[in-house]
Amino acid sequence: MELLKEIIYQRLWDMIFGGDMTPGSRLPGEFELSRQMGVSRVTLRAALHRLEKEGIITRSRQFGTVLNLAARPRPKLLVLLNPLDDLPDTPLLQMISGVSARCSELGMEVDTISYDYFTDARFPGDRYIGVIQTGCNFYGEEKLLEILNHCGLPVVNAMAFESDPPVTRQTTILFDAFNAWFDGLKYLLSFGHRRIAFLLNDIGIIERRFNCNFEDFRIAVGKYCPNDRNLFLFPEEESRFQDTLSGLMDSAEPPTAFYTYKVPYARLIYKFAKEHDLNIPKDLAVMSFVGGDGASLLRPALSTVDFGYQRVGRIAVDVLMEHDRWETAEYKPVIYTPYAIFGRESTDHFITDYTDGKRHSSKQKKRKFIKQERT
């Protein structure tokens, strides 16, 4: 029913602002209009009530339904989503929430559409005043870039990698990912951790996110803590990742903390800890680089590097609304947004029983992390 009401509202909106009507025009009566729309009068009234609430029409017994003299459509932004994103496990929903809140304050509306709706070069540019796109890791040959570059609208990329602006040539909202990563690492080090394992995305993504090759990234990590290759794990590339974790924890020098690229990887460590009766943070500390609202709901609550994605959404709208200042510039602006360390219970334990980086007692060294079958 709600979907039908939305469809009828949109059809009425298109009829009013599609050039068929002028201010002061009268819409057909409810009986005739419901017949034309093929819906009940109850459904029609819900759509008309919304138009009346928005000030587009006036309804009265004497004059019927009349288009207001000052009626005009509310400005509308388009947010383009990556169809590959797993929305519940990404900060994208928070960013969209920020966009929606800021647009509401400015008297604007928002449409959110997946990239895969654009199968050719056609673009409904006349419906929108600008586009906020959320793609990243571009190579320059994507069909989407071609469409956006010729859509005739200002475009802001709100979820980009450091490597994207030279490729997309779009106004871009960026995080200082490299320094943010190492500030998160320093936070773990401040609790006494020296041997830290890293759960990362694939190497290509890491290189483009941090704008350096992986070996240089590993060397930079080595300035703060051991950077043995076996401490760099790639969960999505291993079919038996839990076995890999068991082997690492069973080694002569197991890590005391895990620093993960994103929250879903941290949840793998939570699962491992539960299966092996390990306490977070006393036995293992866990921290995630890319956080989100869901991190605070885990038990124990997960420490994160937080980029304030709702704030990013609001900034993207404000930057887009100032497009006349940058739209014709040869080099589009790149705006860096602040980040913060959110320390929570998953790291709230100081390591004191280590010597030269080895903090494990003989009892801990003997512990075997072989998953036991429950009977």
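Can you give me the ranges of the helices (runs of 4 or more DSSP H) entirely in segment 143-192 with at least 3 residues that are of a type in the set (Gly, Ala, Ser) and at pLDDT 90 or above?
Here the list reads 177-189.
Considering (1) touching a residue at least 24 places away in the same chain (Cβ under 8 Å); (2) in contact with a strand residue (DSSP E or B) (Cβ under 7 Å, 6 or more places away or on another chain), say which one residue 250 fails and leave the rest.
Failed condition: (2).
For segment 236-266, which residues satisfy the criterion of being under 26 Å from the mean Cα position of the chain (by Cα) and crowded, with 19+ Cβ neighbours inside 10 Å?
Scanning segment 236-266 gives 257, 258, 259, 260, 261, 262, 263, 265, 266.
Residue 236 fails exactly one of the following numbered conditions: (1) within 30 Å of residue 95 (Cβ to Cβ); (2) in contact (Cβ under 8 Å) with a residue 40 or more places away in the chain. What is the number of that condition?
(2)
If you go through segment 137-162 one residue at a time, how many are in contact (Cβ under 8 Å) with a residue 40 or more places away in the chain, buried (at least 17 other Cβ atoms within 10 Å of the Cβ) and under 27 Å from residue 202 (Cα atoms)?
The qualifying residues number 5.
Can you name the residue in segment 61-109 that is of a type in the set (Gly, Ala, Ser) and touching a strand residue (DSSP E or B) at 6+ places or on another chain (Cβ under 8 Å) and is also modelled with the highest pLDDT among such residues?
Of everything passing the filter in segment 61-109, 100 is modelled with the highest pLDDT.
Here is a check on your reading of the model: is residue 192 small (Gly, Ala, Ser), touching a Lys or Arg at 6+ places or on another chain (Cβ under 9 Å) and either in the same structural domain as residue 346 (by TED's automatic domain parsing) or under 15 Å from residue 303 (Cα atoms) (or both)?
Judged against the criteria, residue 192 is a match.
Kindly check whether there is at least one residue in segment 314-333 that is small (Gly, Ala, Ser) and modelled with pLDDT of 95 or more.
yes
Considering (1) closer than 17 Å to residue 109 by Cβ; (2) at pLDDT below 80, say which one residue 3 fails and leave the rest.
(1)
Could you list, in sequence order, the residues of segment 193-217 that are of a type in the set (Asp, Glu), loosely packed, with under 14 Cβ neighbours inside 10 Å and not in a loop (DSSP other than H, G, I, E, B)?
Correct list: 215, 216.
Determine, yes or no, whether residue 277 is part of a loop (DSSP other than H, G, I, E, B), free of Cβ contacts under 8 Å to residues at least 60 places away in the same chain and surrounded by fewer than 24 Cβ atoms within 10 Å (Cβ to Cβ).
yes
From (1) surrounded by fewer than 16 Cβ atoms within 10 Å (Cβ to Cβ); (2) closer than 29 Å to residue 137 by Cβ; (3) modelled with pLDDT of 95 or more, pick out the condition that doesn't hold for residue 287.
(1)
Can you tell me which residue among 314, 325 is in the same structural domain as residue 98 (by TED's automatic domain parsing), touching a residue at least 40 places away in the same chain (Cβ under 8 Å), of a type in the set (Lys, Arg) and on the phi < 0 side of the Ramachandran plot?
314
So which residues in segment 19-35 are in a helix (DSSP H, G or I), of a type outside the set (Gly, Ala, Ser) and surrounded by fewer than 12 Cβ atoms within 10 Å (Cβ to Cβ)?
20, 31, 32
Are any of the residues in segment 218-230 touching a helix residue (DSSP H, G or I) at 6+ places or on another chain (Cβ under 6 Å), modelled with pLDDT of 95 or more and not in a loop (DSSP other than H, G, I, E, B)?
Looking through segment 218-230, none of the residues is touching a helix residue (DSSP H, G or I) at 6+ places or on another chain (Cβ under 6 Å), modelled with pLDDT of 95 or more and not in a loop (DSSP other than H, G, I, E, B).
I'd like the full set of residues that are surrounded by 13 or more Cβ atoms within 10 Å (Cβ to Cβ) and not in a helix (DSSP H, G or I), limited to segment 41-62.
Answer for segment 41-62, where residues must be surrounded by 13 or more Cβ atoms within 10 Å (Cβ to Cβ) and not in a helix (DSSP H, G or I): 54, 56, 57, 58, 59.
State all residues of segment 114-133 that are modelled with pLDDT under 90 and either surrounded by 14 or more Cβ atoms within 10 Å (Cβ to Cβ) or under 20 Å from residue 326 (Cβ atoms) (or both); if no residue qualifies, say none.
Scanning segment 114-133 gives 115, 118, 123, 125, 128.
The values are calculated or read from the model by the stated rules, or taken from the named source; none is laboratory data. On a predicted model such as this, the values are computed, not experimentally measured, just so you know. Every residue, glycine among them, receives a Cβ derived from its backbone with ideal geometry; neighbour counts consider all protein chains shown.
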